[in-house]
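Undergrad: After the structure tokens below, expect a handful of questions from me.
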There are 2 protein chains.
Amino acid sequence: MGSLAPYQRKHRVAVVGSGNWGTAIAKIIAENAAANTAIFEEKVDMWVFEEKVEIAKDSPHHDPAFTGPQNLTDVINRTHENVKYLPGILLPANLHANPSIEAAVKDATILVFNLPHQFILKTCEQIKGKILPYARGISCIKGVDVNEEGINLFSETIGKTLGIYCGALSGANIANEVAQEKWSETSIAYDPPHLDSKAPTPQRSPSSSQVDLVHFQHRDTSGQFSTVKLQALPSEYPPINHDVLKTLFHRPYFHVRVVNDVAGVSISGALKNIVALAAGWVDGMGWGDNAKAAVMRVGLMEMVRFGDKFFGATIDQRTFTEESAGVADLITSCSGGRNFRCAKHSVERNLPIEEIEKTELNGQKLQGTLTAVEVNNFLKKQGMEDQFPLFTAVHRILEGNMQVAEIPSYIER
Amino acid sequence: MGSLAPYQRKHRVAVVGSGNWGTAIAKIIAENAAANTAIFEEKVDMWVFEEKVEIAKDSPHHDPAFTGPQNLTDVINRTHENVKYLPGILLPANLHANPSIEAAVKDATILVFNLPHQFILKTCEQIKGKILPYARGISCIKGVDVNEEGINLFSETIGKTLGIYCGALSGANIANEVAQEKWSETSIAYDPPHLDSKAPTPQRSPSSSQVDLVHFQHRDTSGQFSTVKLQALPSEYPPINHDVLKTLFHRPYFHVRVVNDVAGVSISGALKNIVALAAGWVDGMGWGDNAKAAVMRVGLMEMVRFGDKFFGATIDQRTFTEESAGVADLITSCSGGRNFRCAKHSVERNLPIEEIEKTELNGQKLQGTLTAVEVNNFLKKQGMEDQFPLFTAVHRILEGNMQVAEIPSYIER
């Protein structure tokens, strides 16, 4: 990255969220920031929702100087381990846990969002206007928000709320395995608005505080071009492009491919859970690997069709069929993911999937059953149930209006 | 299929081969011939390489009137079971086992080839000139013939030897499961030459024996158009098209999609075995489902790339990413296929894969290890090893020149 050396300023990266996956991603980012100091500030801030933790006496982190309940951020910064959410993993020394979200994000040019989706809006409202106006975001939050009216991408919710551009990261990744540096792959989608050639040339002054608002042409998920206002990144910084994002996220054990298709990368992460339920049921029936592969193939086709129908102009069908966020994540989810497992057990034990969910997931909820209902409500409103027979079959089976044994005849055409 | 009623003649179908898969496919064809007598002659001939079999005294097929060694064809025709190669499966009464290949094929308009690939050439030489000159073929023989000079499709070998057009069938299918009517899917590829509009209008007389040779424009696997001579099907027969082939092969438990891409359907069935070896090794290393999915994704991409480079103009990349012969067969082969299992065990037990092959396969040979060498010889000759890092890694590991642990770094780019 020698060609980036001439830039006067470096990117400061902040990670918003510090759960299992948030901390695993923060570890990667801190490793890459330390290894690429011509582009990134070495210190990476990770916002941690402060809470008290107790260090057990038999823990290697027990220290007589620190007894009783302690702040999680203090423990992380002292021991370089997120003892609560990613125990047993040594974090880089340049990763700094920050209990103040405002302090963590205020000077960051790259914001990485990795928190439960129900907290996105509240968190973004909290930092709105308190970030660099030319910052860019990457959302690592899996899935999309589907309701009867349409599909909202979390990256767009973040971008709109904060007035910045936000891309997405999704792939066949399990946080603990990535943290243990077991090899996997992921997809990053990043396609910021292009400078509007018809708008007046933006006035970029050398000091970031004086950068003007500039107009960009932006193609949204409906395929419409619209002009949006975004602040240009000051020219002292290396441009935030696919190469820079790969440098920030790619590791020998975490292979990254960067694409443009934000919608494809995002909706794959939601729709594959519906397919995983069907695969689990079919596997539970004892129909063999070929039947399971058939369900997965049909599911993949419906994912492609869904993208094509509802995100027409911006989607690239290769995201589903060739990228980690698509076919690879689908394969993993249909191999041993929780939606797959619960569906399989529900057939094997002849119990409703809600029963399995209660006994197996320790209070957590299945994503697939929720997404299947949301997607079906949306498809019904569009009058398009017939065009997605597998998604529709999954919903009907969940409702009790169809038997698993009917799947082959229902999707036959 | 009422619209086909006006045709004066029906298609007679013959199946060439009667092993495990041959008999399973013959069962399907006979079921569909019986159900669609407006299009097909009800009686379906299956050529059986004659051999003597003994019926055990405790078999339900034991009959005091027939003791001692009997002809396999007689047993099949009396008991409607291929006791030797597909025991336990009741065959339709309209499926007739014929010990004479010449008699089986001589009046057939549709020839279905399903025999071990090493017998293709000899068998075709034997019936050359003894079939209807306007017959059409479907090859159910998996894989392709790869050597340093190029890749030959079995369907093309058949077609060239017999002077007919031959398509291909391949999918995520296990013969015994299909025979037991466990649900699966398959792909049929069929793209016969189109009538050459520049050639003189062919003279079709009502009697098939007087049909003239007509010229067709044929796009071969290299993408070149060439004019070939084929006999047109007499107009008394329903045309042999995608609909008719679907009617002949599709069952409620065996879903068929018909496409044009013969090369894609054929090479998928060979290349997926290379990927299955890599998936087995990675699984044997205990790297988890995401690493396995990553290997499968990279493998699928290399399959697409291979098709694109060497079958350029005729291939449709969706064959690999959307059809049963492609992604679904890859998934099945990487779930529990023999290449996958032997590779996995070889890592787990730290033994060469040849050792596992000997102890696990009861004298049979792995297809994947052979294909990996053949494909590598071909790629080396083209100077293209670098463009197929996973295929190349598999070959090097088999040769002992690379460790499985090096796969991620070798394919990293």
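Undergrad: From the set of residues in segment A:78-98 that are in contact with a strand residue (DSSP E or B) (Cβ under 8 Å, 6 or more places away or on another chain) and open to solvent by 70 Å² or more (accessible area, probe 1.4 Å), which is nearest to A:PRO238 (Cα to Cα)?
TA: Once the filter is applied, the top-ranked residue is A:ARG78.
Undergrad: Hey, another quick one. Sort through A:GLY137, A:GLY163, A:GLY143, A:GLY129 and tell me the only one that's at negative phi and small (Gly, Ala, Ser).
TA: Matching residue, one of A:GLY137, A:GLY163, A:GLY143, A:GLY129: A:GLY137.
Undergrad: In this structure, does A:VAL75 turn out to be open to solvent by less than 20 Å² (accessible area, probe 1.4 Å) and within 30 Å of A:LEU233 (Cα to Cα)?
TA: Here the answer is no, as A:VAL75 does not meet what is asked.
Undergrad: Is it the case that A:ASN290 is within 26 Å of B:ARG257 (Cβ to Cβ), free of Cβ contacts under 8 Å to residues at least 24 places away in the same chain and assigned to a helix (DSSP H, G or I)?
TA: Answer is yes for this residue.
Undergrad: What's the total number of residues in segment B:142-163 that are in a loop (DSSP other than H, G, I, E, B) and at pLDDT 95 or above?
TA: Result for segment B:142-163: 0.
Undergrad: Pick from segment A:390-413 the residues that are at pLDDT 95 or above, assigned to a loop (DSSP other than H, G, I, E, B) and under 24 Å from B:HIS250 (Cβ atoms): which of them is nearest to the other protein chains (Cβ to nearest Cβ)?
TA: Of everything passing the filter in segment A:390-413, A:GLN403 is nearest to the other protein chains (Cβ to nearest Cβ).
Undergrad: What are the residues in segment A:4-35 that are assigned to a loop (DSSP other than H, G, I, E, B) and open to solvent by less than 10 Å² (accessible area, probe 1.4 Å), if any?
TA: Within segment A:4-35, just A:GLY17 meets the criteria.
Undergrad: Next question. On the basis of being within 14 Å of chain B (Cβ to nearest Cβ), of a type outside the set (Ser, Thr, Tyr), part of a loop (DSSP other than H, G, I, E, B) and buried (at least 19 other Cβ atoms within 10 Å of the Cβ), does A:TRP281 make the cut?
TA: no
Undergrad: Restricting to segment A:314-332, count the residues that are crowded, with 24+ Cβ neighbours inside 10 Å, of a type in the set (S, T, N, Q) and more than 9 Å from chain B (Cβ to nearest Cβ).
TA: 1
Undergrad: Just wondering, is there one or more residues in segment B:226-238 that are open to solvent by 10 Å² or more (accessible area, probe 1.4 Å), away from every other protein chain (no Cβ under 13 Å) and free of Cβ contacts under 8 Å to residues at least 12 places away in the same chain?
TA: yes
Undergrad: Residues in segment A:144-160: is at least one open to solvent by 20 Å² or more (accessible area, probe 1.4 Å), over 23 Å from A:GLN367 (Cα atoms) and either among the β-branched types (Val, Ile, Thr) or within 19 Å of the chain's Cα centre (by Cα) (or both)?
TA: For segment A:144-160, residues open to solvent by 20 Å² or more (accessible area, probe 1.4 Å), over 23 Å from A:GLN367 (Cα atoms) and either among the β-branched types (Val, Ile, Thr) or within 19 Å of the chain's Cα centre (by Cα) (or both): present.
Undergrad: Let me ask you something else. Quick one: which of A:ALA343, A:ALA325 is farther than 27 Å from B:TYR253 by Cβ, of a type in the set (Gly, Ala, Ser) and in contact with a Gly (Cβ under 9 Å, 6 or more places away or on another chain)?
TA: Answer to the check: A:ALA325.
Undergrad: Restricting the search to segment A:247-264, which residues are open to solvent by less than 10 Å² (accessible area, probe 1.4 Å), within 14 Å of chain B (Cβ to nearest Cβ) and within 22 Å of A:THR157 (Cβ to Cβ)?
TA: Answer for segment A:247-264, where residues must be open to solvent by less than 10 Å² (accessible area, probe 1.4 Å), within 14 Å of chain B (Cβ to nearest Cβ) and within 22 Å of A:THR157 (Cβ to Cβ): A:PHE249, A:GLY264.
Undergrad: How many of the residues in segment A:361-389 are under 29 Å from B:ARG251 (Cβ atoms) and open to solvent by 10 Å² or more (accessible area, probe 1.4 Å)?
TA: Number satisfying all stated conditions: 4.
Undergrad: I would also like to ask the following. For A:PHE311, are the conditions met, namely being crowded, with 19+ Cβ neighbours inside 10 Å, away from chain B (no Cβ under 12 Å), under 19 Å from the mean Cα position of the chain (by Cα) and touching a residue at least 12 places away in the same chain (Cβ under 8 Å)?
TA: Taking the combined requirement at face value, the residue satisfies it.
Undergrad: Checking B:ALA343 against (1) more than 10 Å from chain A (Cβ to nearest Cβ); (2) under 16 Å from A:GLU322 (Cβ atoms); (3) of a type in the set (A, V, I, L, M), which test does it fail?
TA: (2) is the only condition that B:ALA343 fails.
Undergrad: Any residue that is among the acidic types (Asp, Glu) and under 26 Å from B:HIS117 (Cβ atoms) - is there at least one of those in segment B:265-283?
TA: The answer is no; no qualifying residue exists.
The values are calculated or read from the model by the stated rules, or taken from the named source; none is laboratory data. Please read these numbers as outputs of a predicted model, since none were measured by experiment. Cβ coordinates were reconstructed from backbone atoms using ideal geometry, including for glycine residues, and neighbour counts include every protein chain displayed. The accessibility values were calculated without ligands, DNA or RNA, using every heavy atom of the protein model including side chains. Shrake-Rupley method; radii C 1.70, N 1.55, O 1.52, S 1.80 Å.
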